1. Within the range 95-107, work out how many residues are open to solvent by 60 Å² or more (accessible area, probe 1.4 Å) and in contact with a Gly (Cβ under 9 Å, 6 or more places away or on another chain).
2. Which residue, of VAL267, VAL275, is in contact (Cβ under 8 Å) with a residue 40 or more places away in the chain and either under 30 Å from LEU144 (Cα atoms) or open to solvent by 60 Å² or more (accessible area, probe 1.4 Å) (or both)?
3. Of all helices (runs of 4 or more DSSP H) completely enclosed by the range 259-364, which ones contain at least 2 residues that are among the β-branched types (Val, Ile, Thr)?
4. Would it be correct to say that LEU198 is under 23 Å from PRO246 (Cβ atoms), among the hydrophobic types (A, V, I, L, M, F, W, C), in contact (Cβ under 8 Å) with a residue 40 or more places away in the chain and assigned to a loop (DSSP other than H, G, I, E, B)?
5. Name every residue in the range 59-70 that is free of Cβ contacts under 8 Å to residues at least 24 places away in the same chain and open to solvent by 60 Å² or more (accessible area, probe 1.4 Å), in order of residue number.
6. Only one of (1) within 28 Å of PHE92 (Cβ to Cβ); (2) crowded, with 20+ Cβ neighbours inside 10 Å is not met by ILE354, so which one is it?
7. Within the range 60-75, is even one residue of a type outside the set (Ser, Thr, Tyr) and farther than 23 Å from LEU10 by Cα?
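The values are calculated or read from the model by the stated rules, or taken from the named source; none is laboratory data. Quick caveat, the model's predicted, so the values are computed rather than measured. In this analysis, Cβ positions are derived from the backbone assuming ideal geometry, glycine residues included, and neighbour counts consider all displayed protein chains. These area figures cover heavy atoms from the full protein model, side chains too; ligands, DNA and RNA do not enter into them. Shrake-Rupley method; radii C 1.70, N 1.55, O 1.52, S 1.80 Å.
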Amino acid sequence: MAEIKRLISLDAFRGFTIAAMIMVNNPASWSYIYPPLEHAEWNGLTPTDLIFPFFIFIMGVSITLSYTKRLNAGFPKGPIYKKIVIRTIKIFAVGIFLWLFPAFNFENIRVAGVLQRIALVFMASAFLFLNSKWKTQAIVAGVLLVGYWLIMVLIPTPGYGKVMLEPGANIAAWIDSKFLPGYLWQKTWDPEGILSTLPAIATGISGMLAGHLIISKMEQERKVIYLFSLSFFAFIIGFFWSYLFPLNKNIWTSSFAMVTSGLAGMVLAVSIFFVDMLGRTRFTKPGIIFGSNAIAVYVLADVWRLPFYTLKIGGSSLNVHWMQLFENMEWSMKFGSFTFAALFICFNFIPAWILYKKKIFIKL
């Protein structure tokens with residue numbers, strides 16, 4: 001096994017992904033958003049739809065790199081399993097906390113969520129990594145994607161008597177309505193629901209497979225070529241698959257998992273080439289700073305976004321004042337909403353930079 005070196009490109013990729021996640025979650029007004037910064041309403045794909053699967057892909061790569069180092073160093077698996085379970089519980093619990101904050105209305109608790117899905121994918125992927133080789137992992141990912149596809153397109157939705165892939169009227173939504181406790185994001189279904197977590201796990205495994213290639217004994221140039229080529233192949237498979245099973249983030253279709261994993265792999269390959277091989281690191285620092293405490297910064301942003309949206313100054317919140325400024329100046333309202341989100345990212349960069357400078361790395 002080749003020596004596992006830290007990839008600056010991967011750290012920066014993680015950080016820029018978190019920054020993008022914060023941006024799309026915090027416009028000044030949801031009524032004024034540039035189309036690329038919105039999720040596809042149902043079928044389709046926008047740049048915003050790439051953010052979540054990109055993060056899960058990156059997490060998969062990190063699982064391979066991190067746990068390979070520990071196993072090579074002779075760490076026993078028992079304590080590693082324990083840490084995985086503890087980390088899963090912490091991330092899941094923080095996700096629920098963010099939903100409850102600040103009212104803490106436990107009657108309206110949402111069990112599903114972004115961090116909750118990250119936690120479940122992390123645990124499943126990490127356990128699989130510790131107990132299998134890359135070929136088995138690839139087979140598991142394939143079974144999850146094909147199996148999910150067959151379930152979604154062959155099993156009629158109860159109550160409708162036919163197969164459906166419409167919002168709230170598909171087998172995944174029916175399972176959520178019957179078995180997912182608590183509040184559902186879309187009342188009758190949840191985009192981070194039970195069944196759609198299975199293809200999300202496949203996304204995590206795809207990152208693990210990319211990680212296996214990165215730590216292989218091949219020369220760096222060949223690794224990048226193979227990573228880009230195989231990722232492009234995955235993208236093509238997903239593209240043609242989408243004619244049978246449309247690209248859809250809301251139910252994380254198998255085609256969506258393949259296309260987004262392919263795109264993430266190609267971005268990583270290009271990043272490795274320019275950043276780690278050619279040494280062009282000039283613009284990576286902000287990403288590295290955000291990425292060094294990625295989940296912690298995401299959580300912090302979600303907590304202290306409240307003053308920006310709820311604190312009344314002169315009868316209106318800060319985001320309303322900001323939009324009124326652009327309206328009074330007769331400037332673009334969408335640009336105003338965008339600049340608010342950009343400034344919010346800059347605001348969150350401050351604690352991220354302080355933690356990085358003090359070498360404090362919060363591992364949820």
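1. Residues flagged as open to solvent by 60 Å² or more (accessible area, probe 1.4 Å) and in contact with a Gly (Cβ under 9 Å, 6 or more places away or on another chain) within the range 95-107 amount to 1.
2. Numbers: VAL275 fails: either under 30 Å from LEU144 (Cα atoms) or open to solvent by 60 Å² or more (accessible area, probe 1.4 Å) (or both).
Among VAL267, VAL275, only VAL267 is in contact (Cβ under 8 Å) with a residue 40 or more places away in the chain and either under 30 Å from LEU144 (Cα atoms) or open to solvent by 60 Å² or more (accessible area, probe 1.4 Å) (or both).
3. Here the list reads 285-292, 294-303, 333-357.
4. No; evaluated as a whole, the condition is false for this residue.
5. ARG70
6. Against the list (1) within 28 Å of PHE92 (Cβ to Cβ); (2) crowded, with 20+ Cβ neighbours inside 10 Å, ILE354 comes up short only on (2).
7. From the range 60-75, those of a type outside the set (Ser, Thr, Tyr) are 60-61, 63, 65, 69-75; that's our starting set.
So of that shortlist, the ones also farther than 23 Å from LEU10 by Cα come out as 74-75.
Scanning the range 60-75, I find at least one residue that is of a type outside the set (Ser, Thr, Tyr) and farther than 23 Å from LEU10 by Cα, so the answer is yes.
This table checks each residue for (1) free of Cβ contacts under 8 Å to residues at least 40 places away in the same chain; (2) surrounded by fewer than 19 Cβ atoms within 10 Å (Cβ to Cβ); (3) part of a helix (DSSP H, G or I).
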residue: GLY74; (1), (2), (3): yes, yes, no
residue: THR88; (1), (2), (3): yes, no, yes
residue: ALA93; (1), (2), (3): yes, yes, yes
residue: GLN116; (1), (2), (3): no, no, yes
